[in-house]
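All of the numbers you see were taken from the coordinates with simple rules; none came from a lab. Quick caveat: nothing in here was measured; it's all calculated off a predicted structure. Positions of Cβ are backbone-derived with ideal geometry, glycine not excepted, and every protein chain shown enters the neighbour counts.
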Amino acid sequence: MKSKNHISPTFTKHDVVLRVAHTTNKRTTIAAPWVDHVLNALRDVMMQAQPECRIELRDFGIFEVKVTKPKPKARNPKSGEIVFVPKRRKTHFKPGKLLKEFISQPVGDNA
């Protein structure tokens with residue numbers, strides 16, 4: 001049973017660098033710039049979306065920048081005031097087949 005103070009583990013870019021270094025048998029000083037370059041390239045492509053884009057990484061998933069619809073009658077939950085929310089862009093990730101199958105498995109009590 002999950003306790004109220006359960007905190008999910010957080011993995012940082014450094015953890016990804018360590019994993020890449022381990023799987024490629026390279027030092028972290030060699031792996032770190034490559035991880036940075038890949039993440040920077042993904043971010044740059046998404047930031048340059050005009051107005052939408054799709055980055056498909058086979059066997060991993062799809063990153064998308066999508067445009068949301070404007071909301072003319074949204075409500076401020078604090079004041080109850082009706083406000084207009086303009087259309088904007090948002091990010092979306094759709095996992096690939098292998099990742100989706102793994103994540104959709106039931107979680108056991110030991111997790």
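The stretch between Lys26 and Lys69 holds 10.9 nm of extra length on full extension. This uses 0.36 nm per residue minus the Cα-Cα distance. Working note: Karplus 6.51/-1.76/1.60 with θ = phi - 60° gives segment 84-101 the couplings 9, 10, x, 5, 8, 9, 9, 9, 9, 10, 10, x, x, 4, 4, 5, 4, 5 Hz, where Gly and Pro are set to x. When the listed pairs Lys66/Lys94; Lys69/Lys100; Lys13/Lys66 are checked against a 23 Å cut-off, the alpha-carbon distance exceeds it for Lys69/Lys100; Lys13/Lys66.
The fraction of all Cα pairs in the chain landing in successive 5 Å bins from 0 to the largest distance is 2, 9, 10, 12, 15, 15, 14, 13, 6, 2, 1, 0, given as whole percents. Each Lys and Arg Cβ is given +1 and each Asp and Glu Cβ -1; about its Cα centre, segment 51-105 then shows a dipole of about 340 debye.
Efficiency by 1/(1 + (r/R0)^6): what FRET value for Asp44 and Glu81, r their Cβ-Cβ distance, R0 = 30 Å, to the nearest 0.05? With R0 = 30 Å, the Cβ-Cβ based efficiency is 0.20.
Relative to the longest principal axis of the Cα atoms of the chain, the long axis of helix 28-47 makes an angle of roughly 20 degrees. Comparing Val83, Val20, Val45 in a Gaussian network model of the chain, where Cα atoms under 10 Å apart are tied by springs, the biggest mean-square fluctuation is seen for Val83. To test your reading of the geometry: what angle, between 0 and 90 degrees and rounded to tens, separates the Cα axis of helix 13-24 from the longest principal axis of the chain? On a 0 to 90 degree scale, this one is about 40.
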